[in-house]
Amino acid sequence: MTMNVLGYAAQSAKDTLAPFRFERRAPRPDDVVVEIVNCGVCHSDLHMVRDDWGWSFYPLVPGHEIIGRVISTGTDVTRFKPGDHVGIGCMVDSCRQCDPCKQGLEQYCEAGHTLTYASHDRHDQRPTYGGYSEKIVASEKFVVKVPDGLDLAGAAPLLCAGITMWSPLRHWQVGKGSKVAITGLGGLGHMGLKLARALGAEVTLFTRSPGKEQDARRLGADHIVLSTDEAQMAAVKGRFDLVIDTVPYVHDVNPYLPTLKLNGTLVLVGYVGGLEPFLSTIPLILGRKSVAGSVIGGIAETQELLDFCGQHGIISDVEVIKIQDIDAAYQRMLKSDVKYRFVIDMSSLKS
Ligand SMILES: NC(=O)c1ccc[n+]([C@@H]2O[C@H](COP(=O)([O-])OP(=O)(O)OC[C@H]3O[C@@H](n4cnc5c(N)ncnc54)[C@H](OP(=O)(O)O)[C@@H]3O)[C@@H](O)[C@H]2O)c1
Ligand SMILES: [Zn+2]
Ligand SMILES: [Zn+2]
């Protein structure tokens, strides 16, 4: 039987979110049904609601930093039982057969992964709806375990903000002795500081906002560089093995290239689209430097991150909100006024 579920949806790119009832699929043998406890608010939700990337369709129920409790499991489910605390991130399916999928890199599935919202299920073609809702149904293959003891609201942002930083940190083998910089202190950025520090790196924050120094140090930064200050930028010339740039809108990335060491890499994770002004190849050629991109992380890698966070007691710094306050939260996010992730208490849906 399909499930009637209450959520919050945008009906068009111009609308604010409002209550919306919709059907979730009847659970399949490999599905778990999850009652959603918390859902993080990612800047991607805002991009998608406003159709910034041109691939949104409506009604759109955002939310891909989902933490919940399993309420039932299909007959083929082996890893979960009712009562377990679980997480669901940005993907709910992939082809499971291509090379990237076989390597646990479902986010790079050659057939395209199925997004948690604003996608279509690959079996029944129903639209997918995200975590700003009461319940979700997903294949156990795309569900991860939340380690005991992790605060549930604080763990929610690990499912997107956390894994989006963890995956490049691990891919570029950050550890003791690495020098890493994170650009932008928001949801992704603050997880980047915490995780890079926990991996043993020396960590720098690039920010355009004076006044974030104290928080940045508490979150794990050894150094803070105001990216609008040329002298401060010049002082870190040739410093970094890896810079991870989380800035959500088009911006000039050229000033970051001289801050890389020989063989260093600038990884863009925030902005999706064409760069302006042009990208100069001179520092790339003369310093064998790379500009790369990265999208979220695979399911095994997400479990690895949650386990790491369980062992190190790492969670996101969150402001818990009611679903009714989502529009105000989006407005504050646009002003970079978030410390450092909004997370929705989904019990507020019933109030
Ligand atoms: N690649 C992926 O897999 C992936 C996954 C999740 C999210 N994303 C994308 O990553 C970006 C960041 O997401 P987030 O949730 O971390 O966003 P966020 O919480 O809003 O943080 C973004 C930070 O970027 C800085 N910034 C610089 N210029 C800005 C501008 N013009 N407007 C707003 N902020 C600006 C700000 O930091 P300072 O004040 O310190 O400068 C701000 O706090 C979004 O575009 C999101 O869609 C990508
Ligand atoms: Zn996200
Ligand atoms: Zn695949």
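The values are calculated or read from the model by the stated rules, or taken from the named source; none is laboratory data. The model shown is predicted, which means the values in this text are computed figures rather than measured ones. When we count neighbours, we look across all protein chains shown, and the Cβ atoms used for this are built from the backbone with ideal geometry, even at glycine. Only protein heavy atoms, including side chains, enter the accessible area calculation; ligands, DNA and RNA are left aside. Shrake-Rupley method; radii C 1.70, N 1.55, O 1.52, S 1.80 Å.
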Cα convex hull volume per residue for the chain, in Å³, equals 133 Å³
Listed pairs Lys194/Lys339; Lys237/Lys289; Lys145/Lys212; Lys322/Lys350; Lys179/Lys289; Lys81/Lys145 exceeding 22 Å between Cα atoms:
Lys145/Lys212
Which longest uninterrupted range of the chain lacks any chymotrypsin sites (Phe, Trp or Tyr not before Pro) assigned by DSSP to a loop state (not H, G, I, E or B) and surrounded by at most 13 other Cβ atoms within 10 Å?
58-248
On a 0 to 90 degree scale, rounded to 10, what angle separates helix 187-198 from the longest Cα axis of the chain?
70 degrees
Could you check how much of the accessible area of the chain is carbon and sulfur, as a whole percent, using a 1.4 Å probe?
52 percent
Net charge within 11 Å of Leu262 by Cβ-Cβ distance, Lys/Arg positive one each and Asp/Glu negative one each, not counting Leu262 itself?
+2
Could you work out how much longer the chain between Cys95 and Met3 gets when fully extended? Use 0.36 nm per residue separation minus the Cα distance between them, nm to one decimal.
30.6 nm
Ranking Asn263, Gly293, Val247 by how far each Cα lies towards the positive end of the charge dipole of region 161-293 (+1 on Lys and Arg Cβ, -1 on Asp and Glu Cβ), the top one is Asn263
Give the distance, in whole Å, between the Cα centre of region 194-216 and the Cα centre of region 95-161.
29 Å
Taking every DSSP beta bridge with both residues inside the chain, roughly what % is antiparallel (nearest 5)?
55 percent
Ratio of the Cα radius of gyration of region 16-63 to 2.2 N^0.38 Å, where N counts its residues:
1.39
Taking all pairs of different Cα atoms in region 58-180, averaging 1/r and flipping that mean, what Kirkwood radius in angstroms comes out?
15.7 Å
Taking the 0 to 90 degree range and rounding to the nearest ten, how far is the long axis of helix 161-171 tilted relative to the main principal axis of the chain, both from C-alpha atoms?
60 degrees
Using just the Cα positions, wrap region 113-162 in a convex hull and report its mean projected area in square nanometres, one decimal place.
4.4 nm²
Between Ser209 and Arg69, the two model label points (7 Å from Cα along the beta-carbon direction) sit apart by a distance in nm of 3.4 nm
Identify the trypsin sites (Lys or Arg not before Pro) of region 201-279 meeting these criteria: DSSP loop state and at most 14 other C-beta atoms within 10 Å of the C-beta.
Lys237
Please report, in Å, the Rg and the Dmax of region 230-351, where both are computed over Cα atoms only.
18.7, 60
May I ask you to list the residues of region 201-240 whose amide nitrogen lies under 13 Å from a point 7 Å from Cα along the Cα→beta-carbon direction of His312?
201-203, 219-221
Which value in deg cm²/dmol, rounded to the nearest 500, describes the helix-derived mean residue ellipticity at 222 nm for the chain, given -39,500 (n - 2.57) per DSSP H run of n ≥ 4 and division by the residue count?
-6000 deg cm²/dmol
Report Rg(Cα)/(2.2 N^0.38 Å) for region 161-293, keeping two decimals.
0.94
For q values of 0.17 Å⁻¹, compute log₁₀ I(q)/I(0) with the Debye formula on a Cα-only model of region 1-126, without solvent.
-1.04
Low-density loop trypsin sites (Lys or Arg not before Pro), region 63-137, at most 16 other Cβ within 10 Å, DSSP non-H/G/I/E/B, are Arg79, Arg96, Arg122
In a solvent-free Debye calculation with one equal scatterer on each Cα, what is log10 I(q)/I(0) for region 181-257 at q = 0.13, 0.26 Å⁻¹, listed in the order of the q values?
-0.33, -1.40
Rounded FRET efficiency, nearest 0.05, which uses the C-beta distance separating Glu23 from Arg288 and R0 of 35 Å
0.05
Can you give me the distance in nm between label points at Asp252 and Asp124, each placed 7 Å from the Cα along the Cα-to-Cβ direction?
5.2 nm
